[in-house]
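Undergrad: Following this message is one structure expressed as structure tokens.
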Amino acid sequence: MAKKSIGSVMVIGGGIAGIQSALDLADSGFLVHMVEKTPAIGGVMSALDKTFPTNDCAMCILSPKLVEVGRHTNINLHTLSEVLSIEGEAGDFQVTVRERPRYIDITKCIACGRCAEKCPKKVADEFNQGLSHRKAVYVPYPQAVPLKYSIDADNCLYFQKGKCRACQKFCPSEAVDYEQKEQIYTIPVGAVIMAPGFESFNPSALRIYGYGSFPNVITAREFERILSASGPFEGHLIRPSDHSQPEKIAWLQCVGSRNIREDAHGYCSGVCCMYAIKEAVIAKEHAEGELDTAIFFMDMRTHGKGFEETYNRARDEQGVRFIRARFHSIDPVKESDDLRLTYFTDDGELNREIFNMVVLSTGLEITQQLHSLSNTMGVETDSDRFIQTNVFSPVKTSRQGLFVAGASSGPKDIPQSVTEASSAAAGAGALLYSARNTLTKERHIPEERDVTGERPAIGVFICQCGVNIGAIVDVPAVRDYAATLPYVEFVMDNLYTCSQDAQESIAKIIMEKGLNRVVVAACTPKTHEPLFQETLVDTGLNKYVFEMTNIRNQCSWVHRDNPELATQKAKDLVRMAIAKVALMEPLKETDLEVDQRALVVGGGISGMVAAKTLSSQGYQVYLVERSGSLGGNSLLISRTWNGEDVQGHLKELIQSVETDSGIEIFKNTVLSNVDGFVGNFKTTLSHDGASDVVEHGVAIIATGGKEYIPDEYLYGKNLKVVTHMELDRMFIAEDDNLKGVKTAVFIQCVGSRVPERPYCSRVCCTHTMKSAIRLKEMAPDRKVFILYRDIRTYGQREELYKKARRLGVIFIRYNLDKKPVVNQRDGHITVTINDHILKKDIELDPDLLVLASGVVPNESESLAQMFKLSVNEDGFFMEAHAKLRPVDFATDGVFLAGMAHYPKPIEESIAQAQAAVSRAVTLLARKKVKVSGTVAQSTPVSCTSCGVCVDICPYSAPSFIKNGPFTGRAEINPALCKGCGLCVASCRSGALNLKGFGTDQIMAMITEL
């Protein structure tokens, strides 16, 4: 470790993981250098149609983050760049980067597209997976950041043949520069985060699937582009061979994954089952008639939060067929582009079925190019080429100061990649905290222009969202209509109003035209309103003289079968928005000091890691544990899934936390009250009949979960029946009773995946494999049976499944309607199960019956009420956004970690704890936070002291004035108010008003209907 650290971090990779790491670090006081090998950031997520399980438009939720990176003062983008070498030590690295020429001067390029329009050379478009063509001068996709063209020298006629130069000839800003050369330069940084992502498996090598031979056999990535509204077919469901709409589509799972062939991979890619379900459901929505969708699978691995419920809905309500089968072959149907699938069902029956189209659910892999980066950086990799980490340091590489995030350390979905990205940012922040704010610059915000009293001059910007809106709503007609409305001075429609160039264009027009009000008609304000408001701020306008209306969700999506109605409704919504914004006045945001202390609730492994990580970044922490000891569930676990010693590590962690002067520990303590708001919480802690009040700026909820206590299978009635955790205790204690076990039986999904608790508990299958292997290794002749519904050893845990089979563990599958039956006679137990292959009941006589009990949440209701948090129907806390804010709550200043969020293994809990710290530090590092201007205000003289507002507010913002002439009348704490309007709607005397939603503004909108 260097004596003096450099306050900058390099992030390698511009996908969603790299983006999240960069934003967290830049918002917490570090300069970030983002290195991306392609012309633009965005990664794989930018090419997806929707995201599971919420079916959000991928680009819609990603685009604001792209723009945020592009205009962040403390993020330097290095596109078309790659790392050549790294020297130095943690805190003081010298990284050499090679930047390939773009042949376009990005300071001059205005992204007008004339160059691409005139370019005669067409090549396969990588972004659209080769389903369409692009020009030799291009941007990867319309919302790309930076939105600057680049020339593909390998395909450019000038570079290949010395002729053409059309792009240079027609460029209006003289941005084309054929003389640009490769640049090599060195960047000093204190730490590096590696987030280069993954590649999709190329199925060409597996000839059995016919990929590359049969045009209607495509990959899932190709199908995403077919479904996408911004894709080559504008979201119309077609098949490649003849562009007709398919009537039957099959998905084949595990292509390139869970395969022991040399040209494939043995691990499970973890995401394929869910994206196949998502694609099958979305395809049905896109189809113009009936569509038969069938997913052929071995095990359905829907092990994430909300995944099992998505699976159940697809199967039971949305008509997706799920066929458990072993795929045999694909053959062409004569005189047709159709395909005949041959497969064996799980009971051994040979079936054939004809489909119009087959989608291969290809897995994730690390290519040789990505593997070479690991060698360059000097970090160790595993046998699958993934960057090596361990369970207790899930984002640390083998080289100090180098961290990893996302799928480059193992297969992961978006939420887990985002979580690891924030976790890696926390690691880098802890390493370099002494250098915080040494290299950063303050964002220049122009002085706000006072528009009070000015005649409204409204600018209206209408988004086509590719064809997401434009294919249904007649956007030009809406634009022309808006131009006729009062106070409208300027109207424009954009292909993508959220793109970087559109933001720059809006800012320029506001200043040139002297606009003082802005309306954007596009998608949902929930994700995009802050983006446009920041654009207003950059022009000197108050961010609240802005109105956004949602013509995507409320027009083009719900009226897709009636474009005329959708267009008329869009005109109505725009007219209403204009009427409202004309009456809007600037609102003020107040600054609040941020208390630099943090509260962590829960002393399990997540809570301890969170507390330790906060302390290592220089913040004082209060750690609250309701029991008398730290450790939580980890006290009962012997080993991790890959064999690491849990108890040894846990002992070190507990000692480290208990001796850390920056952490004050409260054991046998519960929270009894929480007052305050982001940056300024006051929490009452109760213990031993006494109480303490602690003040803190942020809170992390890590209250964990617990093992479900079974009420079936003779649990509690026979000592031979134990749960996972009880078996682990026996392992830890080296219990002699295990030596006498000749036959052991495990029953999976006990308390999970049932109507009462429909979710999958994620950890049980892996736990069973680990325990079964240990029992076999202790006594190879011992018989071990696993009774299961689906084996969900996701990711590299698949190796445990294979190892268990090699050791002779016997697997018998059961269905929910034919669960195992456990009986006892004279103290001996028998387990009866129907074997679906033998088609008859078999009876087992175990000496040990292990129940794979699911995970249930600890009590969450009281904490939820105190902090104003949401819980789902299963009692787990709800994050702010399933994909992009997996550790944030909707309540500002409160964050989430561990099994309080959802069941997860130790390494994921640790990563989430560190991620929660990273998100918390983005607030703590600011020293001040702004309170929204959209808050309620009271007029005490009109208040009748009825108290309805006090009772109804979910955030405790209203209270009674205690002193003065208006004692007993209502007042609003703006720091607590979320602007929901419940109090205003409930006030019987009209004493409350919601700023930005005044009665005059609402009535103006109603009048325009």
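The numbers here are math on the coordinates, done by the rules we state, and not lab data. Remember, predicted model here, so these are calculated numbers, not experimental data. As a convention, Cβ positions derive from the backbone with ideal geometry for all residues, glycine included, and neighbour counts pool all protein chains shown.
Undergrad: Find the lysine pairs in the stretch 458-581 meeting two conditions, Cα atoms under 23 Å apart and a separation of 8 or more places or different chains, and report how many there are.
TA: Pairs that pass both the separation and distance tests number 10.
Undergrad: Quick one: check the C-alpha center-to-center distance for the stretch 513-529 versus the stretch 607-650, whole angstrom.
TA: When both Cα centres are located, 46 Å separates them.
Undergrad: For percent of Cα pairs over 51 Å apart, one of [x] 31; [y] 41; [z] 23 was computed from the structure I shared and the rest are decoys. Which label?
TA: Identified label for the calculated read-out: [z].
Undergrad: Report the gain in length on full extension from L583 to E174: 0.36 nm times residue separation, minus Cα-Cα distance, nm rounded to one decimal. Don't jump to the answer; show the numbers that get you there.
TA: Working: separation 409, 0.36 × 409 = 147.24 nm, distance 4.36 nm.
Gain on extension, L583 to E174, equals 142.9 nm.
Undergrad: Mind jotting down the three principal axis lengths of the stretch 458-581 based on Cα atoms? Whole angstrom, largest first.
TA: Principal-axis extents of the stretch 458-581 (Cα, largest first): 42, 28, 20 Å.
Undergrad: In whole angstrom, how far apart do the alpha carbon centroids of the stretch 870-937 and the stretch 1-40 sit?
TA: Measuring centre to centre over Cα atoms gives 21 Å.
Undergrad: Which entries of K305/K803; K3/K612; K783/K840; K803/K904 have Cα-Cα distances beyond 25 Å here?
TA: Details: K305/K803 27 Å; K3/K612 22 Å; K783/K840 20 Å; K803/K904 22 Å.
Too far apart for the 25 Å limit: K305/K803.
Undergrad: Another question, then. If you bin the C-alpha pair distances of the stretch 41-174 every 10 Å from 0, what whole percents do you get?
TA: Pair shares across the bins are 11, 32, 34, 19, 5, 0.
Undergrad: Something else now. Restricting everything to alpha-carbon atoms, can you work out Rg to Rh for the stretch 516-584 with a Kirkwood hydrodynamic radius?
TA: Values: Rg = 12.9 Å, Rh = 12.5 Å.
Taking Rg over the Kirkwood Rh, I get 1.03.
Undergrad: Sum -39500 (n - 2.57) across every DSSP H segment of at least 4 residues in the chain, then divide by the residue count to get the 222 nm mean residue ellipticity, nearest 500.
TA: -8000 deg cm²/dmol
Undergrad: Could you give me the ³J(HN,Hα) list for the stretch 275-291, computed from phi with Karplus coefficients 6.51, -1.76, 1.60 and θ = phi - 60°, whole Hz, x at Gly and Pro?
TA: 6, 5, 4, 4, 5, 5, 5, 5, 4, 4, 5, 7, 5, 8, x, 5, 9
Undergrad: Let me ask something else. Reachable aspartates and glutamates from K682, Cα under 12 Å, same-chain residues fewer than 8 places away excluded?
TA: Hits, sequence-local ones excluded: D595, D692, E695.
Undergrad: If packing is taken as the mean number of other Cβ atoms within 10 Å per residue, what is the order of 396-405, 576-585, highest first? Walk me through the numbers on the way to the answer.
TA: Details: 396-405: 24.0, 576-585: 21.3.
Result, highest mean first: 396-405, 576-585.
Undergrad: Test of understanding: given the chain, find the longest segment containing no GluC sites (Glu not before Pro) that are in a DSSP loop and have at most 10 other Cβ atoms within 10 Å.
TA: Numbers: sites that count: E174, E179, E182, E262, E288, E290, E317, E335, E349, E442, E447, E734, E756, E873.
Longest site-free region, per DSSP loop and neighbour criteria: 448-733.
Undergrad: Give me the Debye-computed log₁₀ of I(q)/I(0) at q = 0.14, 0.31 Å⁻¹ for the stretch 634-688, equal point scatterers on Cα only, no solvent, two decimals.
TA: One equal scatterer on each Cα of the stretch 634-688 leads to -0.64, -1.11.
Undergrad: Hey, got a sec? Which chymotrypsin sites (Phe, Trp or Tyr not before Pro) in the stretch 519-587 land in a DSSP loop and have at most 15 other Cβ atoms within 10 Å?
TA: Values: sites: F532, Y544, F546, W557; in loops: Y544.
Qualifying residues, ordered by number: none.
Undergrad: Something else: Rounded to whole Å and sorted largest first, what semi-axes of the equivalent ellipsoid does the C-alpha gyration tensor of the stretch 395-456 yield via the square root of 5 times each eigenvalue? Write out the running numbers ahead of the final one.
TA: On the way: eigenvalues 316, 78, 9 Å².
They are 40, 20, 7 Å, listed largest first.
Undergrad: Can you list the HN-Hα couplings for the stretch 319-324, worked out from phi with the Karplus curve (6.51, -1.76, 1.60; θ = phi - 60°), rounded to whole Hz and with x for Gly and Pro?
TA: Running phi through 6.51 cos²θ - 1.76 cosθ + 1.60 with θ = phi - 60° gives x, 7, 8, 10, 10, 6 Hz.
Undergrad: Here is a follow-up. Which aspartates and glutamates have a Cα less than 12 Å from the Cα of K962, not counting those fewer than 8 places away in the same chain?
TA: Candidates past the 8-residue exclusion: E971.
Undergrad: Which aspartates and glutamates, on any chain, are close to K169 with Cα under 14 Å apart, when same-chain ones fewer than 8 places away are left out?
TA: Once the sequence-local aspartates and glutamates are set aside, what remains near K169 is E117, D177.
Undergrad: What whole number of Å gives the distance from the Cα centroid of the stretch 744-795 to the Cα centroid of the stretch 313-371?
TA: 27
Undergrad: Please list 3J(HN,Hα) in residue order for the stretch 463-477, calculated via the Karplus relation 6.51 cos²θ - 1.76 cosθ + 1.60 where θ = phi - 60°; whole Hz, with x for glycine and proline.
TA: Once rounded to whole Hz, the list reads 9, 8, 6, x, 10, 4, 9, x, 6, 10, 7, 7, 4, x, 5.
Undergrad: Mind jotting down a quarter of the surface of the convex hull over the alpha carbons of the stretch 25-90, in square nanometres, one decimal? Intermediate values should be presented prior to the final figure.
TA: Details: hull surface 24.8 nm².
The Cα convex hull of the stretch 25-90, projected and averaged over all directions, gives 6.2 nm².
Undergrad: From the alpha carbon gyration tensor of the stretch 270-406, can you work out the equivalent ellipsoid semi-axes (sqrt of 5 times each eigenvalue) and give them in Å, largest to smallest? Please list the in-between numbers first.
TA: On the way: eigenvalues 285, 74, 44 Å².
Taking √(5λ) for each eigenvalue gives 38, 19, 15 Å, largest first.
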